[in-house]
Amino acid sequence: MPDNNGDLLFRYKSMDTTDAVEHTLDILKKQRLYCPRIVSFNDPFECRANISFEALPKVKNARAKERLKKENPGMTDADAEKLAPKRWKQVEKVGWKEALHWLQHDIGVISFSEINDDILMWSHYGGGHNGICIEFRYTVRDHADFFAKAQRVEYQQQLPKVNFYTASSTKIGLAEKAFCPFSLCDQPAVSAQRYQ
């Protein structure tokens, strides 16, 4: 294994099917990465979270008002204030289902490793030891932004609890909290020492 001063990440790739070869060549030729949807993962518990709506009504109203004004730029503060309680009650009634569906179907995650010679990684992700391992130097200026949000994966016994009202007001913010320590393709991601 080459000396890894913390600026290298590796991606194991299978070469055992035509699709796998095409995906690998796409990475190498076009310098782009595919981030699969969470719903396609083989582990149904990966990237899952319990979403909580615990907050004071004042916080809920402020968040709902902010959201209403963002969705309706011409809305007055008074109108947003008036509609806010109805909005957060509606979100709490069905919002967690929509948030979980969105997290699983619309977010892509990609995994890397700090290690290029891990037997288990070669077995699972490197085509049963017949694939390749691609090296990414993430300090290269063209790639630094992509890898900036990479986080080490830390497996936990219980699903993380994410508070809808204290997580960032964006879907990506909510997803970052839900997947912590996962990163996302929108705010790209970085999985021996697994990273996502």
_Being touching a helix residue (DSSP H, G or I) at 6+ places or on another chain (Cβ under 7 Å), at pLDDT 85 or above and not acidic (Asp, Glu) is the filter here; which residues of the stretch 78-114 pass it?_
Ala80, Leu83, Ala84, Pro85, Arg87, Trp88, Ser113
*Filter the stretch 66-81 down to residues that are among the hydrophobic types (A, V, I, L, M, F, W, C) and outside any helix (DSSP H, G or I), then give me how many there are.*
1
*Matching residues, the stretch 12-65, being surrounded by 13 or more Cβ atoms within 10 Å (Cβ to Cβ), of a type in the set (A, V, I, L, M) and in a loop (DSSP other than H, G, I, E, B)*: Met15, Leu33, Ala49, Ala55
*Residues of the stretch 67-77 being surrounded by 16 or more Cβ atoms within 10 Å (Cβ to Cβ) and either of a type in the set (S, T, N, Q) or modelled with pLDDT under 85 (or both), which ones?*
Arg67
_Close pairs from the stretch 137-152: first of a type in the set (Lys, Arg), partner modelled with pLDDT under 70 and assigned to a loop (DSSP other than H, G, I, E, B), Cβ under 7 Å, at least 6 apart_ = Lys149/Ser183; Lys149/Gln187; Lys149/Pro188; Lys149/Ala189; Arg152/Pro181; Arg152/Gln193
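The values are calculated or read from the model by the stated rules, or taken from the named source; none is laboratory data. This is a predicted model, so every value here is computed, not measured. Virtual Cβ from ideal backbone geometry, glycine too; neighbours counted across all protein chains shown.
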